[in-house]
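The values are calculated or read from the model by the stated rules, or taken from the named source; none is laboratory data. Fair warning: this is a prediction, and the values are worked out from it, not measured in the lab. In this analysis, Cβ positions are derived from the backbone assuming ideal geometry, glycine residues included, and neighbour counts consider all displayed protein chains. Areas reflect the complete protein model, heavy atoms only, side chains present, ligands, DNA and RNA absent. Shrake-Rupley method; radii C 1.70, N 1.55, O 1.52, S 1.80 Å.
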Amino acid sequence: MQGPLIDNLVRQGISRRTFLKYCATLASMMALPPTAGRAMAEAMAASRRPSVIWLPFQECTGCTESITRSHSPTIEGMIFDMISLDYQETLMAAAGFQAEEARHQAMKENMGKYLLIVDGSIPLGQDGAFSCTAGRSNLETLKEAAAGAAAIVAMGSCASFGGIPKANPNPTGAVSVSDIIKDKPIVNIPGCPPIPVVMTGVLAHYLTFGTLPELDDKGRPKSFYGETIHDRCYRRPFYDQGKFAKTFDDEGARNGWCLFELGCKGPVTHNACATTKWNGGTSWPVESGHGCLGCSEPDFWDAGGFYKALSMPADPLKFVAVAAVAGAAVGVGVSIANRAKKGSAKAAHETTTLADLEK
Amino acid sequence: MSIDAIPIHVINPLPTEPGLTGNALPLLREISEMLRRLLETGESTAIDLSALPLTPIDLEWLREKLGEGEIAVTLQASGESTLNETACPGVWWITHRNENGAVTSQFIEVSFVPELVKAHPEDVKIGRDHLELLISDL
Amino acid sequence: MNDLQFLTWVRGTGLNIAVSIFLLGVFWRLFEIYSLGHKKDLSAPRHASGASGLHTVFRRSLPPPGMLKRSPVSYIGGYIFHIGLFIVVFGFAPHILLIKSLTGLSWPALPSQFVNLAAIVTMAAMVVVLFDRINKPVKRFLSTFEDWFTWAVTFLPVLTGWMAFEHMLLPYTTMLALHILSVQLLLVVLPFTKLFHVFTLFGSRWYNGRVNGHKGVPV
Amino acid sequence: MSATLEKGVRVLKEVIDAPIASYFNSCVHCGLCAEACLFYTETGDPKYTPIHKLEPLRRIYEQEYTVLGRLKKMIGLSKPVTDAELDEWQELVYNSCTLCARCSSVCPVGNDIVYMVRKFREGMSASGHAPEGIKGAVNRTVTIGSPMGVKLPAVQAQMKHVEEDYGLPIPLDAEGAEYMVLLSSMEIINFPEYLGAIAKIMQQAGKSWTLCSTAFEATNAGMQIGNSDLARVIVSRIVEGAEKLKVKTVISPECGHAYTALRWEGANLVGRPFSFEVKHILEVLGEFQQQGLLKTEGFETDKLTFHDPCQLARRGGVIKQQRSLMNQVAKNFVEMPDAGYMNWCCGGGGGASAIEEGEPLRLEAFKRKKAQLDSVRPDRLVTACANCRIVLEEGLEHYQMDIPVIGLTEMIAEHIPKKGG
């Protein structure tokens, strides 16, 4: 697969116009000016194919699945042709020493220039023994790979924020990439899994402009994570009218009413699902009748349960009964003391006579 | 699979935004300015309609004001795209759809011919090679 | 701690602490106040219809003759902000869900936009009432730190709730967390400040009404 | 000579009860009670805000009976009440409060502020902070028998006069009479017509009645100063007198505080329910009127209005009787604004009229009554409280308003046809 990207695409039956159209749409999604679409198309078409090393840590391969496997060949999948994916355990044919050798080779040849993609969280517990590759802990591997990377892309919620492995009680001591690497530009592309077009958008931006796109305070590309699911949700008007589905199969659910009461985390979840949708624009969780889980936010797994509305207590109120009893006990104690005090004041009462009116 | 096959439908869709936001009118002035530039310098320009705070009603209003022109181009590329000339020649209304027919992006392009309609020299070369191969085979 | 963790904390541990202190305070204070007891009235009662503690509990919600004119801001502002608070607290769907999850009680919600409007009106009325407190010599004279503090503690939840709803100033998640936190502050201080009148006002009206009811005076 | 701060605080600890605790915890400092108090409305001075008059009591409550208050006192956030402070509060608790209870009837959270003032006076008097004027009145009531120093011979002299003037017997110590009539010393000295009026009314109704030689005086300065022990001494005389004479009903005279002291506080002071009924003279007249025992002839034709004594109307529940009695004898009876339940005090109730140094403030507060009268412009003012009557007359004179003040009972009696005439 040598030569410019466009040749590869054409070989796979994707026309230049299709690619141009795709780039225009991608630029639009990333809130770039229309001219950027053309610039991206030109840059990517003539891609200089940077070396990319993809490290999987504590992950489920869902992120890889999301980006590379769809029901039909997609441009997202094809776009991987514009990079030189020099190490990806799941996709690469090589194994064992051969694979490790490829990684070291790529790192050496492209020192300071390669892009590092990470999916999965990094376990710190038991000296990192929970997840090792080639006899080395993920932590070591990450530190080594990050040292020579131009930038790091944390793919998915695990790499971005720790994800499910970090969920309470976090037995492996999982942390995110940005918890460890502090001296490299890091883009977080959270989601469980993340939306494929975000990955391609970030790659396209990097290839076109040589920089990472603008990020929010959690390191996510603003153009995709700038707004909440709730803000862009087609069910939003029902929220404003106070029309809520109460169960998953009631009249309200059938009428497409708001899923807030069923635990939808749309209001606090920043992602582009409502606009990009999933599976080639077929649908997305809320459209299929289920509330948003909030998977692109840190610690979404521990945010009080998927089926509990945001305004409901995240945990059962454990101390209230004790507090009520304690309050009553304090109250009774004070009452007894007060009554004793009042009683002794009464007992000490000396009948006032006229003379007692004077000091 | 098309979305219509999924049996969840909004039975009582809400009426769309009751009114115009007022953002569409300045856009007409912008387009007129873009046309002036096209005539003076030959420079093509475009507006990304999804980047602007326009309601469906705004878009409808804009579309209606710009009118229908003589040329309507249909592009089959990972879903259908339409590149329609408006009643103002040089102003093109471009809608990209995906394989499912959903609108993925919308542009107004001000150019003599939309960029996407023109054949790329590389493609023309491939076509010529293909044609020459065809002739030599005859 | 990031914004979602902050939100989860206030929804979990924070709420737990706040509701516990609130309940502890309420029980403690109610016992402390009402256990002081009072003497039985030995004078012969005079019965009159409409004169009783229960009557006064309700009747005292209306301004006595001539008073509305003497202090319109207190009454109208007070009505608006109390009713507004009631609408906002008990009419907004997410609040009802919270109450339902805590008590099992539930009722239909009001449209969110209406609640939003009520919140704006409530805040406006509260600002007017605050201005009246600053402006009116009597109110200013009576006011202590507690009066300004409790005003702020009551105003903040409405403000933060409204700003969260309107996506103002801060991201929704942070604002929502601040909103819940401000409500918790309100819950924590309520039993120990003049805000406790939400409980004692019924007792006070009842005592007043009963003393007068004994005399056959419908107050 | 044993009044001390410590004693005052101890007495307050005794009287602070659940209602007071509830009231202090309910107060939101809305200031509406000020709008109901004539001492504030006429002076505009915020220190006359009713709830503020209780500030030392509030602190004692908080420091003695709440955990947080105790803590605040310990760390110095809540200062102990001092003699100097109570001295300063004397004016607020006595001079500028007539126990009229208008504040109690407007408080939106339902605080019975006057209930608290009454209790606070217990501590004020026990700590030696009661005003000289009321102390003198208490002294005279306890030692001589009446706040104005009237003794039995003076009463007997008036009885004789009245018997001569009206030609009707005034019974004294008649055992088994249905009614025992009490007087206020003002009626004995200033308004002897009252006794004559009673004689006429009782004769027409055919009821037996009597005065009591050991209990002719109804007013209770002990209650006004706020000392239950002394109030008990005074009220016990009446109870003993009524029980000795075995009367069915004791009639409280046209005096608001006498009525409250006897009707509502009396049984609580002596610690047991009465074996007789207590009625205000207007209640008795109202009953006679309903039973057809009160027949009058002729009408007053000039413009009359009625001043409701606070203790009778707002604090006593007697509101309708006076109106129907007025209408029986007056053609041109007009009501003042706020009349009846929400009437404004004359400014001299609750012992305030006995405080000499409080007079300038009383006269200032009288502007409220003046405004009420100005809006009606009556020819004469009728009331049913001898104390109100004196205070009203003083105020009217000060503001040079030529409106005579008369007692309702006397006015009714004037319309009772002479026997056989």
Complete set of residues in segment D:1-16 that are surrounded by fewer than 21 Cβ atoms within 10 Å (Cβ to Cβ) and within 8 Å of chain C (Cβ to nearest Cβ): none
Residue that is surrounded by the fewest Cβ atoms within 10 Å (Cβ to Cβ), among those in segment C:186-200 that are over 17 Å from residue C:32 (Cα atoms) and in contact (Cβ under 8 Å) with a residue 40 or more places away in the chain: C:188
Of residues in segment A:6-42 being in contact with a Leu (Cβ under 7 Å, 6 or more places away or on another chain) and open to solvent by 30 Å² or more (accessible area, probe 1.4 Å), the one nearest to residue A:85 (Cα to Cα): A:20
Cβ-Cβ under 7 Å pairs, at least 6 apart or on other chains, segment B:47-60 side within 10 Å of residue B:24 (Cα to Cα), far side in a loop (DSSP other than H, G, I, E, B) and open to solvent by less than 50 Å² (accessible area, probe 1.4 Å): B:57/B:19
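Run down A:207, A:139, A:203 and say which single residue is assigned to a helix (DSSP H, G or I), surrounded by fewer than 21 Cβ atoms within 10 Å (Cβ to Cβ) and in contact (Cβ under 8 Å) with a residue 24 or more places away in the chain. Reasoning before the result, please.
On the way: A:207 fails: surrounded by fewer than 21 Cβ atoms within 10 Å (Cβ to Cβ); A:203 fails: surrounded by fewer than 21 Cβ atoms within 10 Å (Cβ to Cβ).
Within the list A:207, A:139, A:203, the selection yields A:139.
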Segment D:104-136: number of residues that are in contact with a Leu (Cβ under 8 Å, 6 or more places away or on another chain), acidic (Asp, Glu) and part of a loop (DSSP other than H, G, I, E, B): 0
Pick from segment A:108-136, criterion surrounded by 15 or more Cβ atoms within 10 Å (Cβ to Cβ), in a loop (DSSP other than H, G, I, E, B) and not hydroxyl-bearing (Ser, Thr, Tyr), ranking: nearest to the chain's Cα centre (by Cα): A:120
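Among the candidates A:289, A:304, which residue alone is closer than 30 Å to residue A:252 by Cβ, free of Cβ contacts under 8 Å to residues at least 60 places away in the same chain, within 12 Å of chain C (Cβ to nearest Cβ) and among the small types (Gly, Ala, Ser)? Break it down stepwise before answering.
Details: A:289 fails: within 12 Å of chain C (Cβ to nearest Cβ).
The conditions single out A:304.
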Unmet requirement for residue A:265, which otherwise passes all of (1) touching a Lys or Arg at 6+ places or on another chain (Cβ under 8 Å); (2) touching a residue at least 12 places away in the same chain (Cβ under 8 Å): (1)
Residue A:269 being within 18 Å of the chain's Cα centre (by Cα), among the polar types (S, T, N, Q), within 30 Å of residue A:189 (Cβ to Cβ) and in the same structural domain as residue A:248 (by TED's automatic domain parsing): yes
Count of residues meeting criterion [exposed (fewer than 14 other Cβ atoms within 10 Å of the Cβ) and within 7 Å of another protein chain (Cβ to nearest Cβ)] in segment A:327-338: 0
Qualifying residue in segment D:135-157 (condition: of a type in the set (D, E, K, R), touching a helix residue (DSSP H, G or I) at 6+ places or on another chain (Cβ under 6 Å) and in contact (Cβ under 8 Å) with a residue 40 or more places away in the chain): yes
Residues being facing chain B (nearest Cβ under 9 Å) and part of a helix (DSSP H, G or I) - total across segment A:8-25: 10
Test for residue D:186: is it away from chain C (no Cβ under 14 Å), touching a Cys at 6+ places or on another chain (Cβ under 8 Å) and assigned to a helix (DSSP H, G or I): yes
Test: residue in segment B:82-90 that is in contact (Cβ under 8 Å) with a residue 40 or more places away in the chain and touching a Leu at 6+ places or on another chain (Cβ under 7 Å): yes
Close pairs from segment C:61-87: first under 25 Å from residue D:343 (Cα atoms) and within 7 Å of chain D (Cβ to nearest Cβ), partner of a type in the set (Gly, Ala, Ser) and in a loop (DSSP other than H, G, I, E, B), Cβ under 9 Å, at least 6 apart: C:71/D:31; C:74/D:31
Qualifying residue in segment A:218-226 (condition: within 14 Å of chain C (Cβ to nearest Cβ), open to solvent by 30 Å² or more (accessible area, probe 1.4 Å) and not hydroxyl-bearing (Ser, Thr, Tyr)): yes
